[in-house]
1. Answer with yes or no whether residue 287 is at pLDDT below 95 and outside any loop (DSSP other than H, G, I, E, B).
2. Considering 107, 58, 80, which residue is assigned by TED's automatic domain parsing to the domain that holds residue 176 and touching a strand residue (DSSP E or B) at 6+ places or on another chain (Cβ under 9 Å)?
3. Here is a check on your reading of the model: is residue 143 under 18 Å from residue 314 (Cα atoms) and assigned to a helix (DSSP H, G or I)?
4. Could you please let me know if residue 84 is at pLDDT 95 or above and outside any loop (DSSP other than H, G, I, E, B)?
5. Only one of (1) surrounded by fewer than 18 Cβ atoms within 10 Å (Cβ to Cβ); (2) part of a loop (DSSP other than H, G, I, E, B) is not met by residue 107, so which one is it?
6. So if I check each of 149, 87, which one is assigned by TED's automatic domain parsing to the domain that holds residue 324, more than 23 Å from residue 262 (Cβ to Cβ) and either surrounded by fewer than 16 Cβ atoms within 10 Å (Cβ to Cβ) or under 21 Å from the mean Cα position of the chain (by Cα) (or both)?
7. What pairs can you find where one residue is in the stretch 212-234 and within 25 Å of residue 266 (Cβ to Cβ) and modelled with pLDDT of 95 or more, the other is within 6 Å of ligand 1 (Cβ to nearest atom) and not in a loop (DSSP other than H, G, I, E, B), and their Cβ atoms are less than 7 Å apart, with a gap of 6+ or different chains?
Ligand code: SF4
Ligand code: SF4
């Protein structure tokens, strides 16, 4: 006999906690209608509820990363945490299926809807990766000249001159966490937990079982300190302009973010310094971004055409970025893509004093030297 929907909700939450989730909540899909990335039907047609689960990132590991004593330690910890979240989600989905409901566990990151619609993805991944790796590899003058000549053609054929920079995820775990009552928006747009701030990761299970929703958090843990804007080299987080999103019957506000390419240029590792002098992210890249968002897409296109064929730091980041975005945190077999930023999330802990200390760590850390060649910054650990 099937359990009641309420008993199922209780059992799911108990199971998630037993599996190690630091927080778990449930929302009906009826709360999630304002944005395309909230639509749970994309991953499971007929979806009725979502289950949101959270794990925190370790404070000690984050501080070693922000203060630039250990980069790879954070990268490994982040991957492991995403994998734990995925394992918890898989347990929940398996449980729902055993109860004769349909359920899917979403990928916890790097799962975007463009993957189903972009022209270049008709070419098998391994072929695309081989081409990018070859373009980024060392080559003698005539081969380099050939790479330079064919790149604009390859680019235009691959993207048909347009890329959807909206980057709509298959499901937004941030919106799911707010709807399920385990997080609330900070000014940065990251979703904060009262006990940890923004140093948390979320994942979501989607099911056609209509379970009772948990109450949403009344108050945001964000106190408006704006430290998140001060640690962003890309100018992505606006200090004053805001936007809003509706979840359930509530309207939430956060900053009006700039063009996604700003964060991509910095967070992917093309640029470690742009807006703020005196400190950098972990990236040795030094791309200067245009003031206006209107010029960003043209800048990207030009940047790709100039660098992708040319063996340097940037061509390596391009090739690694393809690997990382295709494989995701769950399926990747190597650490070939380097984490270099995440500052807006990682600086934001639960008290202002902690955030100030994190800010000091970032701005007083050493500056990863900018150069165009392969040598990576020195990494300890
Ligand atoms: S850093 Fe400050 S302003 Fe930004 S999200 Fe966190 S608490 Fe809010
Ligand atoms: S991840 Fe880095 S570049 Fe992206 S918004 Fe946050 S601080 Fe800015």
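The values are calculated or read from the model by the stated rules, or taken from the named source; none is laboratory data. Since the model is a prediction, treat every value here as computed from it, not as a measurement. Don't worry about glycine lacking a Cβ; one is built from the backbone with ideal geometry, like all the others, and counts go over all protein chains shown.
1. Numbers: at pLDDT below 95: yes; outside any loop (DSSP other than H, G, I, E, B): no.
Criteria not met by residue 287.
2. Values: 58 fails: touching a strand residue (DSSP E or B) at 6+ places or on another chain (Cβ under 9 Å); 80 fails: touching a strand residue (DSSP E or B) at 6+ places or on another chain (Cβ under 9 Å).
Of 107, 58, 80, the one residue that is assigned by TED's automatic domain parsing to the domain that holds residue 176 and touching a strand residue (DSSP E or B) at 6+ places or on another chain (Cβ under 9 Å) is 107.
3. When the stated conditions are applied, residue 143 does not pass them.
4. On the way: at pLDDT 95 or above: yes; outside any loop (DSSP other than H, G, I, E, B): yes.
Criteria met by residue 84.
5. (1)
6. Step by step, each of 149, 87 is checked, and only 149 is assigned by TED's automatic domain parsing to the domain that holds residue 324, more than 23 Å from residue 262 (Cβ to Cβ) and either surrounded by fewer than 16 Cβ atoms within 10 Å (Cβ to Cβ) or under 21 Å from the mean Cα position of the chain (by Cα) (or both).
7. 225/355; 227/355
Yes/no per residue for (1) crowded, with 21+ Cβ neighbours inside 10 Å; (2) on the phi > 0 side of the Ramachandran plot; (3) in the same structural domain as residue 347 (by TED's automatic domain parsing); (4) within 16 Å of ligand 2 (Cβ to nearest atom):
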| residue | (1), (2), (3), (4) |
| --- | --- |
| 158 | no, no, yes, no |
| 162 | no, no, yes, no |
| 182 | yes, no, no, no |
| 188 | yes, no, no, yes |
| 196 | no, no, no, no |
| 199 | yes, no, no, yes |
